[in-house]
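This report concerns only the one structure given below.
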Amino acid sequence: MAPWQLPLLPILSMLLLLAARSASSRPLEEQEEADAAVELTKNSFNQTLWAAPATFALVEFYAHCLQSQPQYSKVAKLFNGRTAVHPGEVFMGKVDCAEDANTPICRRFQVDHYPSLYWGHPGKLAWESFDPKDSKASNGIELIPKTPRTAEALLAWINERIGKSYTLNDEARETTRASIVEQIQPMMSLYDIEESTALSYKFILQSEMLNAKTRASFLHFLQLLAVHHPSKRCREGSANILVHFEDIWLAGENAKPNGDLLMRLQICGERTSTDEWITCRGSKNYTRGYSCGLWLLFHALSVRVEDSESKTAIQTIRDFIASFFNCEDCRDHFLTMSTSAADSINSRRDLVLWFWRAHNQVNKRVGDAEAESKTGDPKFPKQQWPPKELSLRKSSKAEVAVPDESSSTSRVAVPIGAAFGIGMASCGFGIVACFWRMQQKRKK
């Protein structure tokens with residue numbers, strides 16, 4: 001029996017111990033070619049900077065005068081995005097202070113002229129305030145006193161701070177498997193996993209899908225999330241709902257859940273859904289988004305369960321889709337694909353590869369339909385993974401180890417092509433599935 005399907009009362013006593021990062025910005029690899037700087041808003045500012053995979057960050061606060069934008073973008077291309085020449089060095093973002101919604105951020109940094117450039121560690125910029133009159137209160141955040149007006153001058157200033165001698169003519173290094181892993185920035189995907197989790201919870205409550213028939217599916221999925229969700233606050237939020245489950249919903253054919261209490265108990269804590277995305281944001285409002293985030297969640301869960309839990313995990317996810325996924329055509333296709341999945345899944349490796357193959361099958365089906373109707377996202381066409389450049393020759397038996405959070409010596413061998421396919425898939429969510437457990441272990 002899997003841990004999340006133990007009797008409810010015993011598990012509640014354990015969960016009591018547990019119960020005590022919105023992003024309208026486009027992900028780095030999805031920026032328009034002409035502008036590599038990440039647009040930050042009031043909703044996305046803190047989370048995006050906190051998740052930025054760089055040692056330093058530079059944020060430009062601008063308003064109506066846009067003359068500085070092309071110069072800033074020239075430098076941003078060196079550091080931001082999949083084609084960055086120097087990834088992981090400096091995260092470059094920008095905030096439009098002409099937008100009323102961004103006023104709280106601009107006030108927090110006491111912006112009094114445009115453009116204003118602020119430099120510091122991404123985490124400091126994400127959560128600290130800036131006081132130009134008090135160096136101690138500035139918390140390591142630096143306002144560039146004389147804003148460089150050219151890309152060359154700005155890059156020279158950055159070079160001085162980081163001890164480098166980069167130029168605007170630097171050429172991109174050869175893209176290898178290692179550099180792809182380095183540049184994908186898996187932490188940004190955690191935001192979208194949290195978003196899909198919170199949005200699923202919101203949909204379920206607003207659509208009044210909870211009833212006597214779906215009670216067990218809801219309970220089992222919460223138990224799965226409480227143990228294996230990649231986000232600590234979503235684990236704690238799910239556990240908190242379970243702790244109060246008997247107050248929320250008594251068993252019985254005619255019993256109904258306490259909707260008001262469910263609304264107050266957010267599944268990811270204070271992180272509420274905004275229906276905004278980072279890695280899963282498409283170039284059109286109706287593309288990617290929730291379905292991409294849901295795939296992210298399933299892939300991440302698949303690499304966190306133990307071998308003995310793999311059968312129950314696929315059944316729990318299957319029941320969740322059957323009970324709570326509104327798209328009838330997509331739901332029926334997934335259920336058909338997974339009808340006999342539990343029979344062939346006996347380990348975490350089997351589960352990981354099943355989701356990879358299922359995702360490819362869905363991409364093929366949806367991609368063909370989108371090509372025929374011309375409704376697909378031109379910037380994110382549905383693809384089969386791994387692509388040729390990541391695939392090994394058929395004769396190769398090379399394998400990659402998937403890090404295991406529970407033990408530094410526990411390894412799950414997965415063919416290298418599969419490992420990258422699991423991590424990247426067409427929703428472009430980064431090397432989450434392969435490296436998530438290591439990220440979580442480091443955070444702990």
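The values are calculated or read from the model by the stated rules, or taken from the named source; none is laboratory data. All figures in this text were calculated on a predicted structure; none of them were measured in a lab. Because the Cβ atoms are built from the backbone with ideal geometry, glycine has one as well, and the counts that use them run over all protein chains shown.
Hey, can you tell me all the residues within the range 207-261 that are closer than 18 Å to T316 by Cβ and touching a His at 6+ places or on another chain (Cβ under 9 Å)?
Scanning the range 207-261 gives R235, G237, S238.
Hey, T48 hits all of (1) closer than 19 Å to N159 by Cα; (2) of a type in the set (S, T, Y); (3) buried (at least 18 other Cβ atoms within 10 Å of the Cβ) but one; which does it fall short on?
Unmet for T48, out of (1) closer than 19 Å to N159 by Cα; (2) of a type in the set (S, T, Y); (3) buried (at least 18 other Cβ atoms within 10 Å of the Cβ): (1).
Could you list all residues from the range 119-139 that are surrounded by fewer than 13 Cβ atoms within 10 Å (Cβ to Cβ) and modelled with pLDDT under 80?
The answer is K133, D134, S135, K136, A137.
Conditions (1) crowded, with 21+ Cβ neighbours inside 10 Å; (2) closer than 23 Å to R215 by Cα, marked per residue:
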residue	(1), (2)
G282	no, no
G289	yes, no
A300	yes, no
S308	no, no
F325	no, yes
S340	no, no
I345	yes, no
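Name the residue that is farthest from the chain's Cα centre (by Cα), counting only residues in the range 46-76 that are part of a strand (DSSP E or B) and of a type outside the set (G, A, S).
Y62
For V362, which of the numbered conditions (1) of a type in the set (A, V, I, L, M, F, W, C); (2) at pLDDT 90 or above; (3) under 22 Å from the mean Cα position of the chain (by Cα) fails to hold?
Evaluating V362 over (1) of a type in the set (A, V, I, L, M, F, W, C); (2) at pLDDT 90 or above; (3) under 22 Å from the mean Cα position of the chain (by Cα) leaves (2) as the failure.
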